[in-house]
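Have a look at the structure below, then the notes.
Please treat every number below as a calculation from the coordinates, not as lab data. Being a predicted model, the structure only gives us computed values, none of them experimental. FYI the Cβ positions are ideal-geometry reconstructions off the backbone, even for glycines, and counts take in every protein chain you see.
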Ligand SMILES: [Zn+2]
């Protein structure tokens with residue numbers, strides 16, 4: 001989809017206030033709001049692209065199936081393996097977390 005379609009979808013799900021938009025990490029399943037990213041000190045380019053766990057002290061390794069803790073991971077959309085399911089103008093991003 002293109003960026004406008006994606007924004008329309010986000011506004012339909014969460015409203016105009018983007019701080020409340022939620023994204024689901026394709027690796028660990030953790031759902032974070034834009035506000036969560038901001039609070040963790042992540043750059044806006046990371047929202048819906050890399051897991052918020054990258055900016056948290058308590059996190060687990062991405063793709064570590066043995067770690068069953070319900071905490072965010074350090075998955076990076078810019079890493080070697082990109083499993084983000086949504087394509088927005090050619091950029092692979094997280095699906096919305098509903
Ligand atoms: Zn994650």
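Residue ranges 33-41, 14-22 sort as 33-41, 14-22 when ordered by packing (mean number of other C-beta atoms within 10 Å per residue, highest first). Diffusion coefficient of the chain by Stokes-Einstein, Kirkwood radius over Cα pairs, 25 °C, 0.890 mPa s: 182 µm²/s.
One decimal place: the segment residue 70-residue 82 gains 2.2 nm when fully extended, by the rule 0.36 nm per residue minus the C-alpha distance.
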